[in-house]
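Take a look at the structure set out below.
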Amino acid sequence: MSDLEQIDDFLDQTGVGDWARERLPQDASSRHYLRLRDGSSTLIAMVSEPDASVESFVKMSELLVGNGLSAPKVLARKGGLLLLEDLGQMHAADHIGLFPQDEEKIYLWTVQAIARIQTISPTWDLPLLDAKKARTLAELFTEWCAPGLGQGALESLEEAWHTLEPYPRVLSLRDLHAENIIWRPEKAGLDRIGLLDFQDAVLTHPLYDLVSLLRDARRDVKPSTIRAAKSEFLNASQMNPNDFEKAFATISVQRALRILGIFKRLEVRDGKTKYRPFIPRMVAYLKEDLKHPHLAELARHLEQEIKQYD
């Protein structure tokens, strides 16, 4: 049975085989999504590779919904196919593009959602994103962007992350940004923030999702919004401001290195060039956050490699 026949069969079995289908824009993953429509009713079909596990997505959906957050409920599943609740069609990034005055409000609600997420204790073992794993993920930069870069840079990054200890290992969705948020202003409380793309959740530093939100590869966040979101998080977490800025810069640099490596790999290996326009923004984040004194040694290691982007 072909992939298309498997999708048809799954949708027929769930009673939506005759609904209109619209393929949604695909992200960097191998998954794709269909919006199914019957009059005013809509659902989402998530289509993964046949051998891909969707267990993490299903478990995380149940966990988030069970803790008062808005995530797509799983209505049916078969292999790598899921039938999901449709949280809405307005991604936060798209809404902000139309109504830029709403940016700060949406981001502050998202910070509150992050705070709620961090109170959740998963009942199964999740991967740990610690200093060692942070270094491993950043190796994508040396592999694809800077093959001549010695191990000193990665060692410096690992040490910089390690010195953030001790910190609580909290639940992180890992890829939280404005295109993975559905803005639902008609809802109440945290139900306004629809959460997507959480199957790669980890346990890590409390600032990880905040950095992901504010250091968005795809869009510029207004400085006033960044200040407001940081202030909201600081007030809620009671972190020491100096420790906050040190951790924010360290996590931001690690993420920038990893993402630059991913973008280069997508272009060279997979022929996907649509991420090229995001590279200057990631380099700007990298340069800005490497100015933090905590990262002075790492900045020296990366000085020559960053010049390739000038």
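Based on this model, can you work out whether residue 280 counts as without any contact (Cβ under 8 Å) to a residue 12 or more places away in the chain and not aromatic (Phe, Trp, Tyr)? Give the steps one after another, and end with the answer.
Details: without any contact (Cβ under 8 Å) to a residue 12 or more places away in the chain: no; not aromatic (Phe, Trp, Tyr): yes.
When the stated conditions are applied, residue 280 does not pass them.
It is to be established whether one or more residues within segment 280-290 are touching a Ser or Thr at 6+ places or on another chain (Cβ under 8 Å), outside any helix (DSSP H, G or I) and at pLDDT 95 or above. No, every residue in segment 280-290 fails to be touching a Ser or Thr at 6+ places or on another chain (Cβ under 8 Å), outside any helix (DSSP H, G or I) and at pLDDT 95 or above. Residue selection: residue 279 satisfies the criterion of being surrounded by fewer than 20 Cβ atoms within 10 Å (Cβ to Cβ) and more than 16 Å from the chain's Cα centre (by Cα). Every condition in (1) within 27 Å of residue 165 (Cβ to Cβ); (2) among the acidic types (Asp, Glu); (3) over 18 Å from the mean Cα position of the chain (by Cα); (4) outside any helix (DSSP H, G or I) holds for residue 270 except the one numbered (1). What about residue 80, is it touching a residue at least 12 places away in the same chain (Cβ under 8 Å), of a type outside the set (S, T, N, Q) and open to solvent by 20 Å² or more (accessible area, probe 1.4 Å)? No. Taking the numbered list (1) open to solvent by 20 Å² or more (accessible area, probe 1.4 Å); (2) of a type in the set (Asp, Glu); (3) in contact with a strand residue (DSSP E or B) (Cβ under 7 Å, 6 or more places away or on another chain) in turn, residue 165 passes all entries but (3). Do we find a residue being surrounded by 23 or more Cβ atoms within 10 Å (Cβ to Cβ), in a helix (DSSP H, G or I), of a type in the set (D, E, K, R) and out of contact with any strand residue (DSSP E or B) (no Cβ under 9 Å at 6 or more places or on another chain) anywhere in segment 245-257? Taking every residue of segment 245-257 in turn, at least one turns out to be surrounded by 23 or more Cβ atoms within 10 Å (Cβ to Cβ), in a helix (DSSP H, G or I), of a type in the set (D, E, K, R) and out of contact with any strand residue (DSSP E or B) (no Cβ under 9 Å at 6 or more places or on another chain). Looking at this structure, is residue 197 touching a residue at least 12 places away in the same chain (Cβ under 8 Å), in a loop (DSSP other than H, G, I, E, B) and open to solvent by 10 Å² or more (accessible area, probe 1.4 Å)? Yes: the conditions hold for residue 197.
The values are calculated or read from the model by the stated rules, or taken from the named source; none is laboratory data. Just so it is clear, the structure is predicted and the values come from calculations on it, not from any experiment. Cβ atoms come from the backbone with ideal geometry, glycine included; neighbour counts cover every protein chain shown. The protein model used for the area step is the full one, side chains on, heavy atoms only, and it has no ligands, DNA or RNA in it. Shrake-Rupley method; radii C 1.70, N 1.55, O 1.52, S 1.80 Å.
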